[in-house]
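Read through the structure below, which is laid out as structure tokens, and then see the notes.
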Amino acid sequence: MKSVVVAFSNPVLTDWVSSTLKRGGYTIEYTCSTGGDAVRIAEFCTSMVVVSGFQFPDMTVEDLAGILAGRIAIVSILLPHQRDLVCRNDITALPYPLSPVDLLNAVDRAEREGALSAVSAGMGTERKGGSGRSAEEKLLILKAKNSLMERLGMTESQAHRYLQKNSMDRGLKIIDAARKIIEGSFDF
């Protein structure tokens, strides 16, 4: 799929990582600046990888990995004084400064490992924790929200609320409303 979530509290690192990944053929599905945003986004994103820093305003990458364990692979770029602070084996730790090639190689490995984990766990056909939605349902909802954001100039949270409210008002399940938006048969 070659899409990634970028999560840094530092906008300079967000820009560098995003541009490096884009040049390497990746799509940046979302960018966020807090761990809480990364957790929320992980419920709806299709990416298998989060590229992050170590410290967010609300948590560390270790906390994030604990919350997202088994759902998404994490590649974390660490400053020299942070390297010894990461003890989890499920975090790919990269020392800063690093080359673009090292970043791309690490994300490629993490994506392959994440895809293998998803296949072995049966993602996409079985429901998993969190919202109880399958990967296909999450993808449809995400596409519908992106469509609303483009057509109506909404933020992601506004599009989500719009989708929820209008599905309830029309007596539809949110997934059915998302399908209608994608098909273009949803009256705005």
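The values are calculated or read from the model by the stated rules, or taken from the named source; none is laboratory data. The structure presented is a predicted model; accordingly, all values stated were derived computationally and were not measured. All Cβ positions, even for glycine, are placed from backbone atoms using ideal geometry, and neighbour counts span all protein chains on display.
Observations, loosely collected:
- Count of the range 70-101 residues which are surrounded by 14 or more Cβ atoms within 10 Å (Cβ to Cβ), without any contact (Cβ under 8 Å) to a residue 40 or more places away in the chain and part of a strand (DSSP E or B): 8
- Screening 75, 51 for residues that are modelled with pLDDT of 95 or more and under 12 Å from the mean Cα position of the chain (by Cα) leaves exactly one candidate, 51.
- Single condition residue 15 does not satisfy, out of (1) touching a residue at least 24 places away in the same chain (Cβ under 8 Å); (2) among the acidic types (Asp, Glu); (3) closer than 21 Å to residue 78 by Cα: (1)
- Annotation note: of 12, 39, 86, the sole residue that is within 15 Å of the chain's Cα centre (by Cα) and of a type in the set (Val, Ile, Thr) is 39.
- Extreme residue, modelled with the lowest pLDDT, among residues of the range 57-69 that are surrounded by fewer than 22 Cβ atoms within 10 Å (Cβ to Cβ) and under 25 Å from residue 155 (Cβ atoms): 68
- Of the numbered criteria (1) modelled with pLDDT under 80; (2) assigned to a loop (DSSP other than H, G, I, E, B); (3) surrounded by 16 or more Cβ atoms within 10 Å (Cβ to Cβ), the one residue 154 fails is (1).
Each row is one residue, and each column tells you yes or no for (1) charged (D, E, K, R); (2) at negative phi; (3) surrounded by fewer than 21 Cβ atoms within 10 Å (Cβ to Cβ); (4) not in a strand (DSSP E or B).
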position: 31; (1), (2), (3), (4): no, yes, yes, no
position: 36; (1), (2), (3), (4): no, yes, yes, yes
position: 40; (1), (2), (3), (4): yes, yes, yes, yes
position: 44; (1), (2), (3), (4): no, yes, yes, yes
position: 50; (1), (2), (3), (4): no, yes, no, no
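- Look at (1) at pLDDT 85 or above; (2) among the charged types (D, E, K, R); (3) out of contact with any helix residue (DSSP H, G or I) (no Cβ under 9 Å at 6 or more places or on another chain) and you find that residue 161 fails only one, number (1).
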